[in-house]
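*Asks:* Can you keep this structure in mind? I'll have questions shortly.
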There are 2 protein chains.
Amino acid sequence: MNTATAQLINATDLLKHWQGHRALTRRVIEAFPEKELFEYSVSGMRSFSGMVMELLGIGAPGIKEIATGNIGTLNEHFEGINKKEQLLQLWDESTETINTYWAQIPEEKFAEEITVFGLYKGTTWSSIFYFIDNEIHHRAQAYVYLRSLGITPPFFWDRA
Amino acid sequence: MNTATAQLINATDLLKHWQGHRALTRRVIEAFPEKELFEYSVSGMRSFSGMVMELLGIGAPGIKEIATGNIGTLNEHFEGINKKEQLLQLWDESTETINTYWAQIPEEKFAEEITVFGLYKGTTWSSIFYFIDNEIHHRAQAYVYLRSLGITPPFFWDRA
């Protein structure tokens, strides 16, 4: 950690930044009524639960793969998940998985070229930024869903 | 740049990452029909032009302020802007302003505590991440607007 002050951002801060976003995404999941979480969308898009399953398929499996070097398969579909509580439990399990495997990624790994899920080429940092950016992107779509349901979404800037 | 290999991400790559997002946001502006860009929204939210003016008020002025240390005023409204071409021109001017002032931010500045627009406390990096995240957030809402207009938005992953 002696080099931390020379870093634009260090790995600990980036994890905290992401988990702050993930805490907000969890509150957006919670804000949906049970039925609308799984069935509602605007303009024929996916339900928010469908998007959350994509995020579950990318985040924790992606970090596990980066940490271990074992290439996994991208799976964005989870069978038998049709309750908000199930989705929140998977979300919380992902939180722990990300924390566990993140701690096993050496800082020098972030600049290395990798191929996530055997498909997507980039650096470690650009891959992780993609995971985060993609989460922000889909969560923001859920903000529109919530507004169209007459529900006020959580504040975007609140990441506690 | 001798320390670049030890960086999780360096300033040059972060700028390129953001400008990639900004290029995508520009294509989303372009994808809107003129009238709908300024008048259309879902569920009583702002038009996408209103959101773009917020982004214009934050991005380039924020980076100029960080580079110069001169605290500015947050201005998210632009008078007399009612054509797509005007909005795109402001966008392109912001692109140049960001590039110009970004080059004047020393790398050690990114970890420093700052107060952007005299209002928002954070580090330099967390402030810039907020600018980027907020852009992704609002642009994603425009994706829903476009879908509800029957228009296919640009690919999220295309940042060229």
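*Asks:* In Å, the Kirkwood hydrodynamic radius of segment A:16-118 over pairs of distinct alpha carbons?
*Replies:* Computed over Cα pairs of segment A:16-118, the Kirkwood hydrodynamic radius comes out at 14.8 Å.
*Asks:* Give the aspartates and glutamates whose C-alpha is closer than 20 Å to that of A:LYS83, dropping any in the same chain fewer than 8 places away, or say none.
*Replies:* Counting by Cα, and skipping residues close in sequence, A:LYS83 has these aspartates and glutamates nearby: A:GLU30, A:GLU34, A:GLU36, A:GLU39, A:GLU54, A:ASP92, A:GLU93.
*Asks:* Can you tell me, using C-alpha contacts under 8 Å and at least 6 residues apart, the relative contact order of segment B:8-148 as a whole percent?
*Replies:* 29 percent
*Asks:* Using Cα springs under 10 Å in a Gaussian network model of chain A, which residue among A:SER148, A:SER47, A:SER94 shows the largest mean-square fluctuation?
*Replies:* Most flexible of the set in this elastic network: A:SER148.
*Asks:* Let me ask something else about it. Mind computing the radius of gyration and Dmax over the alpha-carbon atoms of the protein assembly as shown? Å is fine for both.
*Replies:* Calculated on Cα positions, Rg and Dmax stand at 19.5, 55 Å.
*Asks:* Would you pull out the residues with amide H under 5 Å of A:THR123's amide H, same chain only if 5 or more places away, H placed 1.01 Å from N?
*Replies:* Amide H neighbours of A:THR123, under 5 Å, 5+ apart: A:ILE114.
*Asks:* With springs only between Cα atoms under 10 Å, which of B:GLY69, B:GLY44, B:GLY59 fluctuates most in a Gaussian network model of chain B?
*Replies:* Maximum fluctuation in the GNM of chain B, among the listed residues, is at B:GLY44.
Since every read-out is calculated from the coordinates, none of them should be taken as a lab result. Computed from a predicted model, the values in this text were never measured in an experiment.
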